[in-house]
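Read through the structure below, which is laid out as structure tokens, and then see the notes.
The values are calculated or read from the model by the stated rules, or taken from the named source; none is laboratory data. Note that this is a predicted model, so its numbers are computed, not measured. Neighbour counts run over all protein chains shown; Cβ positions are idealised from the backbone, glycine included.
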């Protein structure tokens with residue numbers, strides 16, 4: 001309201017100055033004491049120019065008052081395999097994060113029909129909470145790949161690594177694949193790079209109750225790990241545990257062409273989505289993928 005009040009006072013002042021200029025111009029041309037056809041024509045031109053300048057000032061000021069347009073996020077929730085119960089809840093959280101921060105607007109996509117070159121142009125980043133071999137055509141896959149590599153953002157949550165095993169460019173995009181989840185419990189998460197703006201607000205380590213993914217085919221050389229599991233907080237002798245040289249990364253960033261990619265393996269439990277730490281992590285990851293967080 002305060003901003004609109006200042007805006008109204010400013011535009012009123014601009015119009016007053018414009019009409020004062022119009023009166024001065026009219027007097028100089030002799031309109032107040034009469035005049036010939038030429039003078040009247042000159043006055044008409046002066047009126048048009050003055051009012052045009054006033055309207056230009058009004059439109060410019062209105063644009064400044066509205067501020068920059070919000071970014072746009074396309075959130076895909078289609079499951080071609082296991083579907084997580086938390087997905088409907090997550091859509092509300094993502095929308096709420098965008099609205100409360102004022103950073104972005106979210107469109108929920110229940111299927112891949114919107115993954116066309118023309119439609120993707122409307123979005124600054126795409127987010128996946130997906131599973132399985134999504135039914136994208138070759139044309140859609142090409143459009144999606146071009147969209148990311150030409151400078152847009154990708155955000156993957158939890159089972160986004162349980163997606164597109166049969167499409168090699170997706171591994172290059174996301175950086176690894178789901179390879180079982182031996183732990184579903186309270187674990188300790190370590191921040192690997194506290195200087196990174198995505199995780200700079202988190203404590204050096206924290207505990208959270210969630211399902212923990214193991215990652216195979218991890219592109220360690222081209223990924224920047226942000227969070228990892230503290231192996232001391234879990235039973236490494238449990239069945240299905242597969243130790244690897246890179247451990248158990250839980251969040252990372254990477255690039256694909258000119259595109260920016262953020263992924264976190266957290267997000268199975270509703271309590272995780274309700275956790276302010278996870279919400280801040282997700283907001284920062286989305287902003288980074290959109291190019292707004294350096």
Of all the residues that make up the stretch 258-288, how many are part of a helix (DSSP H, G or I), more than 17 Å from residue 227 (Cα to Cα) and out of contact with any helix residue (DSSP H, G or I) (no Cβ under 8 Å at 6 or more places or on another chain)? 2
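Of everything in the stretch 200-239 that's in contact with a helix residue (DSSP H, G or I) (Cβ under 7 Å, 6 or more places away or on another chain) and either part of a loop (DSSP other than H, G, I, E, B) or closer than 16 Å to residue 262 by Cβ (or both), which residue is modelled with the lowest pLDDT?
Ranking the qualifying residues of the stretch 200-239, first place goes to 201.
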For residues that are modelled with pLDDT under 95 and not in a helix (DSSP H, G or I), scanning just the stretch 51-102, find the one that is surrounded by the most Cβ atoms within 10 Å (Cβ to Cβ). 70
Subset of the stretch 111-141 [surrounded by fewer than 18 Cβ atoms within 10 Å (Cβ to Cβ) and either under 24 Å from residue 92 (Cβ atoms) or modelled with pLDDT under 95 (or both)]: 111, 113, 114, 119, 122, 132
In the stretch 201-219, is there at least one residue being in contact (Cβ under 8 Å) with a residue 12 or more places away in the chain, under 21 Å from the mean Cα position of the chain (by Cα) and surrounded by fewer than 16 Cβ atoms within 10 Å (Cβ to Cβ)? yes
Regarding the stretch 166-185, can at least one residue be identified that is assigned to a loop (DSSP other than H, G, I, E, B), under 19 Å from residue 90 (Cβ atoms) and assigned by TED's automatic domain parsing to the domain that holds residue 204? yes
Suppose we filter the stretch 123-154 for residues that are part of a loop (DSSP other than H, G, I, E, B) and closer than 17 Å to residue 262 by Cα; how many remain? 7
Single match in 197, 249, 182, 169 (criterion: surrounded by fewer than 21 Cβ atoms within 10 Å (Cβ to Cβ), under 24 Å from the mean Cα position of the chain (by Cα) and touching a residue at least 40 places away in the same chain (Cβ under 8 Å)): 197
